[in-house]
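Only one structure is covered here, and it is reproduced in the block below.
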C-alpha cells in the first residue's frame with residue numbers, strides 16, 4: 001500500500017475534506033556510484049573550504065545569497081526557519097478556473113489525492129463529480145516539506161490529481177530569451193500544405209505504453225553485457241539538418257514514407273540477400289560499426305558508412 005507524502009485538508013467554502021497526497025509517477029533513472037578508475041574505491045563528495053582545502057563540518061556551514069559584484073549576503077539557518085511557511089495542513093481553494101485555460105508550461109509535477117478515511121469518500125466524490133461536469137480545476141496553495149506550492153486540483157477519471165504549478169515569475173518569456181525565432185510572417189504555400197499533410201498522415205490516438213525510454217534500455221543492456229564480460233560502446237550519429245532548398249522535397253518524401261509505412265504488410269518476409277542489403281542500407285553508421293565489431297572486421301574504425309555497409313554484407 002502506498003504511503004502518503006503529505007496529509008491535510010482540501011477546503012472550499014465551508015467544506016473540508018481530509019486527504020493524503022501520493023506520488024503519481026516513479027523515477028526509473030539508473031543511478032550510479034562514483035569510483036576511482038582502476039580501483040574498487042568509492043569516491044565521496046565532501047564540503048571543502050576552497051581557500052584552505054580543509055573539510056568543513058555541516059554545522060559550520062551557512063548560506064550566502066549572491067547580490068552581484070562578487071558580494072554575498074550571509075543568512076543563518078535559524079533566520080530562514082523564522083520566516084519559513086510552517087507546517088500548514090490546509091490546502092484552501094481560492095479559485096476554480098477552466099481546466100483548458102491552464103498552459104501545460106505551468107505544470108510541474110503530478111500527485112494523486114485520496115480521502116484519508118472511508119467516511120470522507122462521499123464529499124471527495126462530490127467534488128470530483130462537480131469538477132468533471134464543469135471541466136474546472138481548483139487553484140490553491142499548500143505547504144509541503146517547508147516549501148509553499150501553488151497547486152491545481154483536477155479530475156482524472158475516478159481520482160483527483162494535484163499538479164504543482166510554477167509561479168508566473170518562474171516562467172521565462174521565449175521572445176526575450178531565445179534567438180533565431182521566426183518572424184510574424186505566417187508560413188504558407190505548398191510547404192505548409194505538405195507539412196500539414198505529413199502531420200495528418202502520422203496522426204493517431206495517444207497511447208503512452210507505445211513509448212519507452214530507449215536510453216535506459218541501452219544502459220541496462222550495457223550493464224548486463226559488462227556483467228558477462230563484454231564491453232560494447234555504440235554512439236549514434238544525429239541526422240543532418242535539413243537545408244531550406246531541400247525542405248519541400250524532404251516533406252514530400254516524408255509524406256510518401258509515412259503513407260507507405262501505414263500500407264506496409266507487418267508479416268515478416270523470408271530472409272535473403274536483398275533483405276540483408278536493405279538492412280545495411282538503412283542501418284546507421286553506429287549500428288554498422290557495432291555489427292562490424294561483432295564480425296571482427298579489420299580496419300572498421302577508419303571506414304566510411306558505405307564501406308562499413310559493404311564490409312558487413314560481405315562478412316555476413
Practice item. Say whether the condition of being touching a helix residue (DSSP H, G or I) at 6+ places or on another chain (Cβ under 7 Å) and surrounded by 11 or more Cβ atoms within 10 Å (Cβ to Cβ) is met by at least one residue in segment 170-182. Key: yes
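List the helices (runs of 4 or more DSSP H) inside segment 212-310, counting only whole elements, that have at least 1 residues being under 30 Å from the mean Cα position of the chain (by Cα) and modelled with pLDDT under 75.
Fully inside segment 212-310 and qualifying: 247-263, 273-282, 285-294.
Residue check: is residue 150 within 22 Å of residue 3 (Cβ to Cβ), outside any helix (DSSP H, G or I) and touching a strand residue (DSSP E or B) at 6+ places or on another chain (Cβ under 7 Å)? Steps first, answer last, please.
Working: within 22 Å of residue 3 (Cβ to Cβ): no; outside any helix (DSSP H, G or I): yes; touching a strand residue (DSSP E or B) at 6+ places or on another chain (Cβ under 7 Å): yes.
Judged against the criteria, residue 150 is not a match.
Look at residue 167 and say whether it is farther than 27 Å from residue 1 by Cα and either in contact with a strand residue (DSSP E or B) (Cβ under 8 Å, 6 or more places away or on another chain) or at pLDDT 95 or above (or both).
On the way: farther than 27 Å from residue 1 by Cα: yes; either in contact with a strand residue (DSSP E or B) (Cβ under 8 Å, 6 or more places away or on another chain) or at pLDDT 95 or above (or both): yes.
Against the criterion (farther than 27 Å from residue 1 by Cα and either in contact with a strand residue (DSSP E or B) (Cβ under 8 Å, 6 or more places away or on another chain) or at pLDDT 95 or above (or both)), residue 167 qualifies.
Count, please, the residues in segment 109-145 that happen to be closer than 18 Å to residue 23 by Cβ and in contact with a helix residue (DSSP H, G or I) (Cβ under 9 Å, 6 or more places away or on another chain). Talk me through it step by step, then tell me what you get.
In the first step, residues of segment 109-145 are kept if they are closer than 18 Å to residue 23 by Cβ; the result is 109-116, 142-145.
When the remaining residues are screened for being in contact with a helix residue (DSSP H, G or I) (Cβ under 9 Å, 6 or more places away or on another chain), the result is 113-115.
Within segment 109-145, residues that are closer than 18 Å to residue 23 by Cβ and in contact with a helix residue (DSSP H, G or I) (Cβ under 9 Å, 6 or more places away or on another chain) number 3.
Within segment 47-67, can you find the residues that are touching a strand residue (DSSP E or B) at 6+ places or on another chain (Cβ under 9 Å), under 25 Å from residue 79 (Cα atoms) and assigned to a loop (DSSP other than H, G, I, E, B)?
Let us first name the residues in segment 47-67 that are touching a strand residue (DSSP E or B) at 6+ places or on another chain (Cβ under 9 Å), namely 47-49, 54-56, 62-67.
Then drop every residue that is not under 25 Å from residue 79 (Cα atoms), which leaves 47-49, 55-56, 62-67.
Selection gives 47, 49, 56, 62.
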Kindly evaluate residue 209 against the criterion of being modelled with pLDDT under 95, under 28 Å from residue 3 (Cβ atoms) and within 20 Å of the chain's Cα centre (by Cα). yes
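Could you count how many residues in segment 2-31 are over 19 Å from residue 122 (Cα atoms) and either touching a helix residue (DSSP H, G or I) at 6+ places or on another chain (Cβ under 9 Å) or in a strand (DSSP E or B) (or both)? Break it down into steps so the answer makes sense when it comes.
First, the residues of segment 2-31 that are over 19 Å from residue 122 (Cα atoms): 2-6, 22-31.
Among the residues that remain, those that are also either touching a helix residue (DSSP H, G or I) at 6+ places or on another chain (Cβ under 9 Å) or in a strand (DSSP E or B) (or both) are: 6, 22-23, 28-30.
Qualifying residue count, segment 2-31: 6.
The values are calculated or read from the model by the stated rules, or taken from the named source; none is laboratory data. Just so we're clear, the structure is a prediction, and the values are computed from it rather than from any experiment. All Cβ positions, glycine included, derive from the backbone under ideal geometry; neighbour counts span all protein chains shown.
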